[in-house]
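> Here it is: the structure, laid out below.
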2 protein chains.
Amino acid sequence: MAIPRLTHEERDAALAELTGWALRDDGLAIVRTFKFADFAEAFGFMTRAAIEAEKADHHPEWFNVYNRVEITLTTHDAGGLSVRDVSLARLIDGFV
Amino acid sequence: MAIPRLTHEERDAALAELTGWALRDDGLAIVRTFKFADFAEAFGFMTRAAIEAEKADHHPEWFNVYNRVEITLTTHDAGGLSVRDVSLARLIDGFV
């Protein structure tokens with residue numbers, strides 16, 4: 001069963017709650033950049049996020065260079081944002 | 001002390017040895033894309049690479065989505081490729 005895409009209202013409500021996350025230009029994903037003290041701290045954060053992502057069977061698109069981690073969340077099965085992205089964003093925010 | 005940039009000859013010799021890595025268009029970095037069975041395997045690989053990168057104090061620029069990992073290696077202090085990139089690439093290749 002496909003995961004339903006968030007309505008515009010649901011999307012806006014989620015973004016209002018998730019401080020630090022922004023809607024990607026195309027409206028189909030949310031993005032956030034995290035900065036840490038150094039690489040070890042950045043990768044420690046990624047490891048915690050990876051474990052939660054795997055448990056949720058919902059994975060981020062992410063880029064890392066040294067202390068910076070850029071995360072993009074979207075739900076391919078929904079063709080855009082779904083509740084899965086909001087849940088994962090909330091979990092990830094708990095790690096900073 | 002700045003790390004010396006590889007000469008063109010050294011760069012070509014390194015690339016000939018590092019199968020799977022390609023020179024980035026600007027000639028200042030090497031790139032390789034790795035594919036795994038799934039996210040857990042991809043992140044396991046990243047974790048091994050992260051530990052070696054931290055030990056070498058030389059870190060990758062990398063992107064991951066699900067089972068795919070794209071790695072870019074360059075040495076900012078050298079303004080391009082250095083022996084550090086070749087060493088890290090060799091170590092990373094040992095994990096696949």
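The values are calculated or read from the model by the stated rules, or taken from the named source; none is laboratory data. The shown structure was predicted, so the numbers you read here are calculated from the model rather than taken from an experiment. Glycine gets a Cβ as well: all are built from the backbone with ideal geometry, and neighbour counts include every protein chain shown.
> Of all residues in the range B:42-56, which are exposed (fewer than 15 other Cβ atoms within 10 Å of the Cβ) and of a type in the set (Gly, Ala, Ser)?
Across the range B:42-56, the qualifying residues are B:GLY44, B:ALA56.
> Which one of the conditions (1) under 24 Å from B:LEU73 (Cα atoms); (2) in a loop (DSSP other than H, G, I, E, B) does A:MET46 fail to meet, given that it meets all the rest?
(2)
> Okay, next question. Name every residue in the range A:12-40 that is hydroxyl-bearing (Ser, Thr, Tyr) and modelled with pLDDT under 95, in order of residue number. Give the derivation first.
Of all residues in the range A:12-40, those hydroxyl-bearing (Ser, Thr, Tyr) come to A:19, A:33.
If the condition is that a residue be hydroxyl-bearing (Ser, Thr, Tyr) and modelled with pLDDT under 95, then A:THR19 is the only one that fits.
> So A:ARG5 passes all but one of these: (1) in a helix (DSSP H, G or I); (2) out of contact with any Phe, Trp or Tyr (no Cβ under 6 Å at 6 or more places or on another chain); (3) basic (Lys, Arg). Which condition number does it fail?
Only one criterion in (1) in a helix (DSSP H, G or I); (2) out of contact with any Phe, Trp or Tyr (no Cβ under 6 Å at 6 or more places or on another chain); (3) basic (Lys, Arg) is unmet by A:ARG5, namely (1).
> Kindly check whether there is at least one residue in the range A:4-26 that is under 18 Å from B:TYR66 (Cα atoms) and either facing chain B (nearest Cβ under 10 Å) or of a type in the set (Ser, Thr, Tyr) (or both).
No, the conditions are met nowhere in the range A:4-26.
> Restricted to the range A:1-10, and to residues that are modelled with pLDDT of 95 or more and surrounded by 15 or more Cβ atoms within 10 Å (Cβ to Cβ), which residue is nearest to A:HIS76 (Cα to Cα)?
By that ranking, first place goes to A:ARG5.
> Just to verify a result, which residue in the range A:27-41, among those that are more than 14 Å from A:ILE71 (Cβ to Cβ) and within 15 Å of the chain's Cα centre (by Cα), is nearest to the other protein chains (Cβ to nearest Cβ)?
A:LEU28
> To continue, here is another question. Within the range A:64-75, how many residues are facing chain B (nearest Cβ under 7 Å) and buried (at least 18 other Cβ atoms within 10 Å of the Cβ)?
Going through the range A:64-75, the residues facing chain B (nearest Cβ under 7 Å) turn out to be A:64-66.
Right, trim to buried (at least 18 other Cβ atoms within 10 Å of the Cβ) and you get A:64.
Residues flagged as facing chain B (nearest Cβ under 7 Å) and buried (at least 18 other Cβ atoms within 10 Å of the Cβ) within the range A:64-75 amount to 1.
> Here is a follow-up. Can you run down the residue pairs with Cβ atoms below 8 Å, 6 or more apart or on separate chains, where the first is in the range B:13-41 and surrounded by 12 or more Cβ atoms within 10 Å (Cβ to Cβ) and the partner is of a type in the set (D, E, K, R) and assigned to a loop (DSSP other than H, G, I, E, B)?
B:ILE30/B:ARG24; B:VAL31/B:ARG24
> Working only within the range A:43-53, note down all residues that are touching a residue at least 12 places away in the same chain (Cβ under 8 Å) and more than 9 Å from chain B (Cβ to nearest Cβ). If you could, list the steps in order and put the result at the bottom.
Taking the range A:43-53 and keeping what is touching a residue at least 12 places away in the same chain (Cβ under 8 Å), we get A:43, A:45-46, A:48-49, A:52-53.
Those that are touching a residue at least 12 places away in the same chain (Cβ under 8 Å) and more than 9 Å from chain B (Cβ to nearest Cβ): A:PHE45, A:ARG48, A:ALA49, A:GLU52.
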